[in-house]
Amino acid sequence: MAEVVSKAPHRYAVELQTASVVFGRGEEAVTALSPTSLKMGTGDFVALVGPSGCGKSTILRLVSNLIQPSSGVVLVGGREAAAKQLRIGMAFQNPTMLPWLTIEQNVMMPLKIVPPFKATFQKDKKGAFRDRVHSLLAQVGLKDFANHYPWQLSGGMLQRSNLCRALIHEPDLLLLDEPFGALDQFTREELWQILQDLYLDRKPTVLLVTHDLREAGFLAKRICVMSARPGRIISDEAVNIPQPRDIGMIYSPEFVEMTQGLRELIAQVRK
């Protein structure tokens, strides 16, 4: 999560300029990401797909400033990622909810620690902020579960809560690392629809890492395919299917042809 430092105009929400990542030195050095470039406009939704270990999550960590590039530049909101230009929300495969807090308290947590909300947290936590949390929970079908604890919810319900926590502080940039990977297919498809609705309602810039090509095609505006390690982006194509999309669309000839093309390309780069 990051605070807004400046509202100066910038061309891209996210930009990688031949950024690479190398772990270790000398003979033990491992290249996790070859020099890679990527540009995302404000409100864009990009999915990263590719073989396991190709550097998808490495790009996510670069954008969130969890790691630094070994070469090249990573710009977020027009500044280097470390400058904390944009407010960021993140959701991962493991919801990591604090078990001793209620769902309401878990979702509200970013408002306690992220500017400018933290300045009024004590005053607003039982009023405006609680209303904000309950409104978002209602939007994902959890309006009656605010006072439940994480251990009382199913995996799908926890991921809905996780999305709420990632969005509660109105992030400019939403980073998703296989958030639905541990769920069954029916629950995943339900959450795709929920995430699409939240995205279209709030229009953050979204970067999604996924192994599920149908998930990428259903949610994203663009799909970037990465080569095998040391990975780099080798294809960046628009998803030319209007939004909003319905689940039945994933069985259409157009969609099947698109995902089959992606599957064949990934199979080639794995060799």
Spacing of the two label points (7 Å from each Cα toward its C-beta) at S71 and V30, in nm: 2.0
Distribution output for segment 159-271: share of Cα-Cα pairs per 5 Å bin in percent, first bin at 0, values 2, 10, 22, 24, 20, 14, 7, 1, 0
Distance from a point 7 Å along Cα→Cβ of L98 to each backbone N in segment 168-207: keep the residues under 18 Å and list them by number. 168-169
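Report Rg/Rh for segment 4-159, rounded to two decimals, where Rg is the Cα radius of gyration and Rh the Kirkwood radius.
On the way: Rg = 18.9 Å, Rh = 18.2 Å.
On the Cα set of segment 4-159, Rg over Rh gives 1.04.
For segment 228-268, divide the Cα radius of gyration by the Kirkwood radius and give the resulting Rg/Rh value with two decimals. Spell out each step's value before the answer.
On the way: Rg = 12.6 Å, Rh = 11.9 Å.
Ratio value, two decimals: 1.05.
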Using only Cα atoms, locate the centre of segment 78-133 and the centre of segment 17-76, then give the distance between them in Å, rounded to an integer. 26
What percentage of the solvent-accessible surface of segment 121-173, computed with a 1.4 Å probe over protein heavy atoms, is contributed by carbon and sulfur atoms? 47
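Could you tell me whether segment 47-100 comes out rounded, prolate or oblate from its Cα gyration tensor? Rule is a ≥ b ≥ c as square roots of the eigenvalues, rounded for a/c under 1.5, then prolate if a/b exceeds b/c, otherwise oblate.
Details: a/c = 2.32, a/b = 1.23, b/c = 1.89.
Oblate, since a/c reaches 1.5 and b/c is not below a/b.
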Rg/Rh for segment 12-58 to two decimals, with Rh computed the Kirkwood way over all alpha-carbon pairs. 1.06
Rounded to whole Å, sorted largest first: equivalent-ellipsoid semi-axes of segment 68-211, Cα gyration tensor: 25, 21, 13
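Using only the alpha carbon atoms of segment 109-194, find the Kirkwood hydrodynamic radius as the inverse mean reciprocal pair distance, in angstroms to one decimal. It would help to have the intermediate numbers written out before the result.
Values: mean 1/r = 0.0720 Å⁻¹.
Every distinct Cα pair counted, the radius reaches 13.9 Å.
May I ask you to work out the translational diffusion coefficient for segment 167-207 at 37 °C, viscosity 0.692 mPa s, via Stokes-Einstein with Rh from the Kirkwood sum over Cα pairs, reported in whole µm²/s? Don't jump to the answer; show the numbers that get you there.
Details: Rh = 11.0 Å.
The diffusion coefficient I find is 298 µm²/s.
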Going from the alpha-carbon gyration tensor of the chain, what semi-axes, largest first and in whole Å, does one get by taking the root of 5 times each eigenvalue? 30, 24, 17
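Calculate, for segment 1-134, the solvent-accessible area per residue in square angstrom, rolling a 1.4 angstrom probe over the heavy atoms of the protein chains.
Numbers: 6660 Å² over 134 residues.
Using a 1.4 Å probe on heavy atoms only, each residue of segment 1-134 averages 50 Å².
Let me have the relative contact order for the chain, percent, based on Cα pairs under 8 Å that are six or more residues apart.
26
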When DSSP assigns beta bridges and you keep just the ones with both residues in the chain, what percent turn out antiparallel, to the nearest 5? 50
Which value in deg cm²/dmol, rounded to the nearest 500, describes the helix-derived mean residue ellipticity at 222 nm for the chain, given -39,500 (n - 2.57) per DSSP H run of n ≥ 4 and division by the residue count? -10500 deg cm²/dmol
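The values are calculated or read from the model by the stated rules, or taken from the named source; none is laboratory data. Quantities reported herein were computed from a predicted structural model and do not represent experimental measurements. Backbone-built Cβ (ideal geometry, glycine too); neighbour counts: all protein chains shown. Each accessible area value is taken on the protein alone, full model and side chains, heavy atoms only, with ligands, DNA and RNA left out. Shrake-Rupley method; radii C 1.70, N 1.55, O 1.52, S 1.80 Å.
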